[in-house]
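Okay, structure first, notes after.
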Amino acid sequence: MAINHPSFGTLADGRIIIFDTTLRDGEQSPGFSMNLEEKLRMAEALHELGADVLEAGFAIASPGDFDSVQSIAKRFAKDGPVVASLSRANTADIMASAEATKLAARPRIHIVLATSDLHMRVKLRMTREEVLERITQSVTLARNHAADVEWSAEDGSRSDLEFLCRCVETAIKAGATTINIPDTVGYSLPADMGLIFSTLMNKVPGAEKVIFSTHNHNDLGLAVANTLAAIQAGARQVECTINGIGERAGNASLEEVAMALRTRQDALGVATGVTSQRILKTSKLLATITGFDVQPNKAIVGRNAFAHESGIHQDGVLKDASTYEIMTPESVGWTTNSIILGKHSGRAAFRDRLKTLGYEVGDNQLNDAFRRFKEVADRKKVVYDEDIAALVDDEVGRANERIRLTGLNVSTGMGTKPMATVALEIDGDRADGMATGDGGVDATFAAIRQAFPHEVTLKLYAVQAVTSGTDAQARVTVRLEEDGKLVDGQGADTDTIVASARAYVHALNKLLVKRQRTEPPVVLRA
Ligand code: KIV
Ligand code: ZN
């Protein structure tokens with residue numbers, strides 16, 4: 001029977017709802033925090049990708065989280081994805097989620113409450129009857145503020161299945177419109193998932209009126225397998241993240257689930273609304289924002305995902321790619337990695353290429369990106385799509401920055417003390433710094449500290465090559481800490497020291513934004 005859902009109307013048979021939680025479960029993992037502007041960029045990209053629901057955050061967690069959820073809700077005030085906010089099963093959390101999401105055209109309040117004996121006893125200190133009572137209270141309250149309410153059974157996969165049935169029945173009776181069963185600790189096997197979903201969907205009165213959802217963690221590397229097993233048992237919403245980021249070993253990866261459903265349509269018979277050609281761009285945007293690349297062998301979006309090394313494979317692919325490729329690289333956004341533009345290329349060709357790569361930039365951003373492109377093209381023999389993506393992502397992330405790097409000179413070598421001079425523009429005024437250090441990067445950071453005095457601890461410094469070759473662009477991540485607040489900055493350039501300086505200044509700008517906020521302590525776990 002077709003389900004009639006407040007946000008989706010009559011859900012077409014076989015349509016899978018993609019609930020993206022990159023901005024909540026993903027952002028919750030160490031090192032993956034994003035600021036408001038970055039979350040808005042990700043939200044935009046996820047919308048373009050075709051995510052149906054964006055879990056924009058955990059509104060009660062901090063004023064910053066509240067702002068992000070509210071800003072994303074405002075962005076999708078007319079149409080766009082459902083905007084959800086997580087809440088524990090208490091009044092304050094639910095009211096914060098209701099307030100933060102209310103401007104969205106389709107707001108959702110997401111409530112989570114643990115249902116396993118272990119969690120109820122140790123964490124909640126509640127009896128089964130108290131948990132059932134709390135489900136009724138919290139879902140009823142949420143339904144007074146939103147038509148679309150999702151209820152999640154935390155540690156659902158390790159819960160007593162009979163009790164889980166009672167919880168789900170209670171949530172449905174109180175008005176929940178989506179029921180989510182998380183494998184919170186990544187413990188389940190695919191067969192367990194199948195059993196849980198088929199039992200709930202066959203036994204619970206009212207199950208036919210709601211959408212069942214699956215949310216899997218990857219502690220045993222089974223998140224995607226468990227997601228597919230849940231779908232085969234009847235789940236119609238999958239909760240996932242770009243690049244599989246999330247608590248501990250992460251969540252089911254959106255790109256892997258979407259491509260498994262597409263590639264194995266024959267066996268699974270369901271479909272998502274994902275525009276698969278945008279997958280790579282979205283994955284790369286997240287990597288640029290967070291500073292963490294995926295591993296080379298990562299399915300779909302890893303550098304080697306479509307690389308054929310062995311002679312036998314290469315021979316087969318040259319004769320007919322389908323001998324060793326189960327999907328085309330183009331179908332997920334890879335383009336042939338040839339020289340695409342050079343130093344003689346004009347603005348129109350550059351803009352055109354950006355469009356092909358999926359970037360819509362304004363005139364100012366185009367000018368800045370084009371200037372950077374010319375600099376790179378002057379220095380680099382070949383300019384790849386990845387180079388262009390790296391410099392545009394870098395440039396877009398810099399809009400509205402108060403501190404700008406306008407000059408850098410470094411002298412270094414064997415037997416000499418490395419020395420750096422930097423020129424910054426701080427709120428429009430020029431400031432210079434000069435310092436020596438243990439290496440060119442150290443001297444550069446010291447010179448920046450002289451031009452803009454501040455005290456921070458450098459927590460992480462990481463360099464990654466955007467493409468191969470000695471003239472490859474370097475992408476640098478710098479993590480700074482000030483009074484317990486952590487910020488990550490990124491910078492890209494063919495010169496590693498310039499990329500490092502850009503990353504440091506990027507992190508400083510984020511720190512300035514954080515300083516304007518005084519945030520109370522954050523409780524992030526539901
Ligand atoms: O893993 C989990 O249980 C969660 C819930 C909050 C849905 O992330
Ligand atoms: Zn989770």
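The values are calculated or read from the model by the stated rules, or taken from the named source; none is laboratory data. Since this is a predicted model, take the numbers as computed values, not measurements. Cβ: placed from backbone, ideal geometry, glycine included. Neighbour counts: every protein chain shown. These area figures cover heavy atoms from the full protein model, side chains too; ligands, DNA and RNA do not enter into them. Shrake-Rupley method; radii C 1.70, N 1.55, O 1.52, S 1.80 Å.
In plain terms, the bigger the Kirkwood radius, the slower the diffusion; for the chain, with that radius from Cα pairs, at 20 °C and 1.002 mPa s, Stokes-Einstein puts D at 87 µm²/s.
So, R0 is 35 Å and r is the distance between the beta-carbons of Arg402 and Ala77; what FRET efficiency does that work out to, to 0.05?
0.75
Here the range 403-516 is described by how far its Cα atoms reach on the three principal axes: 41, 28, 25 Å, from widest to narrowest.
Measuring with a 1.4 Å probe in the full set of protein chains, what accessible area per residue, in whole Å², belongs to the chain? All intermediate terms of the calculation are to be shown ahead of the outcome.
Values: 22330 Å² over 526 residues.
Normalised by residue count, the accessible surface of the chain is 42 Å².
Close Lys pairs in the range 14-274, defined as Cα atoms under 22 Å apart and 8 or more places apart or on different chains, number 7. Each residue, His145 and Asp160, gets one label point 7 Å from its Cα in the Cβ direction; the gap between the two is 3.2 nm.
Inverting the pair-averaged 1/r between distinct Cα atoms of the range 14-274 gives 17.9 Å as its Kirkwood hydrodynamic radius. Over all pairs of different C-alpha atoms, the range 118-167 has a mean inverse distance whose reciprocal, the Kirkwood radius, equals 11.8 Å.
Distance between the 7 Å Cα→Cβ label points at Arg351 and Leu195: 6.1 nm. A crude spin-label estimate for the pair Ala271 and Leu458, with each label 7 Å from Cα along the Cβ direction, gives 5.2 nm. Net length available on complete extension from Asp13 to Asn90 is 24.3 nm, with 0.36 nm assigned per residue and the Cα-Cα distance removed. Expressed as a whole percent, the accessible area of the chain that falls on carbon and sulfur atoms is 51 (1.4 Å probe). Using C-alpha pairs below 8 Å separated by at least 6 residues, the relative contact order for the chain is 11 percent.
Protection proxy ranking, highest mean first, for peptides 51-62, 410-421, 231-242: 51-62, 231-242, 410-421, where packing is the per-residue count of other beta-carbon atoms within 10 Å, averaged. Using the rule -39500 (n - 2.57) for each DSSP H run of four or more residues, divided by the residues of the chain, the 222 nm mean residue ellipticity is -12000 deg cm²/dmol. A convex hull fitted around the alpha carbon atoms of the range 140-192 yields 78 Å³ per residue. If R0 is 56 Å, the Cβ-Cβ spacing of Asn364 and Asp438 corresponds to a FRET efficiency of close to 0.90. With the convex hull drawn over the C-alpha atoms of the range 337-396, the volume per residue is 70 Å³.
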